[in-house]
Amino acid sequence: MCGIVGYIGNKDALPILIDGLKRLEYRGYDSAGVAIIGDDLKVVKTQGRISDLENKLKNEELKGSIGLGHTRWATHGVPNDVNAHPHLSESKSIVVIHNGIIENYLELKKMLVKEGRTFRTDTDTEVIAYLIEEFYEGDLLKAVKKTVELLEGSYAIAVMSKNERDRFVAVRKDSPLVAGLGQGENFIASDIPAILPYTKNIIILENGDIIDVRRESINVYDKNLNLITRNIKRIDWRIEDAQKGGFKHFMLKEIFEEPDVIREAMRGRVRDAVVEFPELNISLEYLKSINQVYFVACGTAYHAGVFGKYLTEKYLRIPAQAEVASEFRYRDPVIDEHTLLFVISQSGETTDTLAALRFGKEKGARTIGIANVVGSSVTREVDQVVYIHAGPEIAVASTKAYVAQVEVILLLIVYFAKLLGKLTKEEESNIVNDFQKLEEKARSIVLRSNEIADFVSTTKSIEETFYIGRNLDFALSLEGALKLKEISYVHAEGYPAGELKHGPLALVTPNSLVIAVITYGPLKEKTLSNIKEVKARGGKVLAIAQEGYNTIEEVADRVFYVPKVANDIGPIINVIPLQLIAYYMAEARGLDIDKPRNLAKSVTVE
Ligand code: M6R
């Protein structure tokens, strides 16, 4: 995600900002910029790396002891120099940096355009700068307070005014922000590592906090500008630990981010009792003309496509297939203008996925990209794109992107079903209701990760692993097995539970572990019988079962219960224990979890 650094003190701000931004580089970004107030307010920003920013700064005189720095990971508008932060207000007297997404920025932008304002960028952030200027009457704190009252979405925002050179103001909601206290100098940052070399005294801000940062003080206010007290924490982490947010590996950190990812992926798409995709331009006439749907992708993204295939047929009653992208173009599939092709890719740069996309387009299919990285090749080449907003994924093993892919696919199918009149208002509102509880349910699972670690510690002698499930639990089994293979190097296969007895059962011995995913209500009893077949051959069974299904305890060796959720929504959170199994298995074997052997994060060869 984007990074924020702010400094006010008696030193030169620029080296401190650049140093802080470099400490946030691990988070991933596509552009960087700084704003400093000296004799005047100056902004320098660029697409690319911080080294590109440093090169640009060689030609600029940026002196001053108050400033803000930002690394951007694009969400609104492609990565380029203009869309990079900081953003200036129309008169260039206010400057803003922002992490997060302003959901209602289009409405606000329209309102400002009506009043005669002219915008320079495609970002949601620019609207914030313009609004603050609109409300500014000599007190930046009051102008920020009035502005945030109008904002919907998630944000950590920092603002300076060239008319008030002794302060900057920052505010947060659903996007991290901390303040650091020094001697005659103070700091802010989106993540502690950025400012850790300068201070260990940190205030972790809470939702709704507005701070007034000056050289000698930091005052914290609530949304009505009542002064409040926040504890100062002493942080004694090493920088490398802090970059991983205290987690041992990025993979674990990213799994723990999944509750937030679930919330962000539905932002602006699940409102009141309805599901909508304001970014999509799909006519009913076109939807009615579709006679087949493909999901093409590789690896984990392909497994998200398997989920899409099941749900497309269930809700839309249109024949659907999930295809591994590297096979798609070599087998002469039936494609024409009535074909809808979903192209799923976290990176948006996977060569096989891009080739499948080009092949499908050439044959006349309409294409919708489901991607994470804004401006990536897939997003540029598809007809329309839907972002999953999972934030940068650093570990090679894809975890949070899968969660967001599955979530967005389900929401898209629900949205299309509604447009096609195949979903009643009541069904839609029930789904929305379930979605609204999902973040908390996901959190309750990650908080029980020690149960998984404990189970894994009993599996040292395991030589063979099968993941079994039926229907959507089968789709999850495929993903569980891939995760285990790629980071723990333990052989694993995902199988439809009913298929085990048609061959693989011959491999089941007391040294086999079978992970049975048994959360899909209508087929629970069937999977239970398959588990009994495994037990009869001496295999060890860990069941991932839905709360309340206690019969399973009589059969499985161990059960990890996941919270009750509607069958079709369950996979979004039920994958979490599977990801944790792979993580702890690899950890127990002392492996390089974030960079498994022979694998790359983005596969740009055929
Ligand atoms: O960036 P993409 O989603 O296109 O990547 C596709 C696969 O290479 C990727 O999911 C891979 O399988 C992961 N390492 C799985 O964890």
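Miscellaneous remarks
- Carbon-plus-sulfur accessible fraction, the stretch 247-436 (probe radius 1.4 Å, protein heavy atoms only): 48%.
- DSSP H segments from the chain that extend 27 Å or more along their own axis, Cα-based, with Kyte-Doolittle mean of 1.0 or above: 400-419
- Within the accessible surface of the stretch 446-606, defined with a 1.4 Å probe on protein heavy atoms only, the carbon and sulfur portion equals 50 percent.
- Mean Cα-pair separation over length for the stretch 2-243, i.e. relative contact order, pairs under 8 Å, 6 or more apart, %: 19 percent
- About its Cα centre, the dipole of the stretch 446-606 is roughly 140 debye, where the only charges are +1 on Lys and Arg Cβ and -1 on Asp and Glu Cβ.
- Among Gln546, Ala497, Val508 the positive-end extreme of the charge dipole of the stretch 446-606 (Cβ point charges): Val508
- Using the 1.4 Å probe convention, the accessible area of the stretch 446-606 works out to 39 Å² per residue with neighbouring protein chains retained.
- Dipole of the chain computed with +1 at Lys/Arg Cβ and -1 at Asp/Glu Cβ about the Cα centre; of Ser602, Ile255, Phe168, farthest Cα towards the positive end is Ile255.
- Each of the peptides 582-593, 3-14, 395-406, 446-457 was scored by the mean count of other Cβ atoms within 10 Å over its residues; in descending order, highest first, they stand as 395-406, 3-14, 582-593, 446-457.
- Ordering Trp73, Trp237 by accessible surface, largest first, gives Trp237, Trp73; the 1.4 Å probe counts only protein heavy atoms, with every chain in place.
- Here the Karplus relation 6.51 cos²θ - 1.76 cosθ + 1.60, evaluated at θ = phi - 60°, turns the backbone of the stretch 495-507 into coupling constants of 10, x, 3, x, 8, 3, 6, 8, x, x, 4, 4, 8 Hz, with x for every Gly and Pro.
- Rounded to the nearest 5, the antiparallel percentage of DSSP beta bridges internal to the chain is 60%.
- 1.4 Å probe accessible area per residue over the stretch 247-436, in Å²: 35 Å²
- Sulfur and carbon atoms: percent of accessible area, the stretch 2-243 [1.4 Å]: 46 percent
- Relative contact order [Cα under 8 Å, 6+ residues apart], the stretch 48-122, whole percent: 26 percent
- By DSSP, the beta bridges lying fully in the stretch 247-436 are antiparallel in about 10 percent of cases.
- Average accessible surface for the stretch 2-243: 40 Å² per residue, computed with a 1.4 Å probe over protein heavy atoms with every protein chain in place.
- When the Cα positions of Ile487, Ser377, Asn450 are compared along the charge dipole of the chain, Asn450 comes out farthest toward the positive end, with charges on each C-beta of Lys, Arg, Asp and Glu.
- Across the stretch 225-232, computed HN-Hα scalar couplings (Karplus, 6.51 cos²θ - 1.76 cosθ + 1.60, θ = phi - 60°) run 6, 7, 5, 10, 10, 10, 5, 9 Hz from first to last residue, x flagging Gly and Pro.
The values are calculated or read from the model by the stated rules, or taken from the named source; none is laboratory data. Quick caveat, the model's predicted, so the values are computed rather than measured. Cβ coordinates were reconstructed from backbone atoms using ideal geometry, including for glycine residues, and neighbour counts include every protein chain displayed. For accessibility, only protein heavy atoms count, side chains too; no ligands or nucleic acids. Shrake-Rupley method; radii C 1.70, N 1.55, O 1.52, S 1.80 Å.
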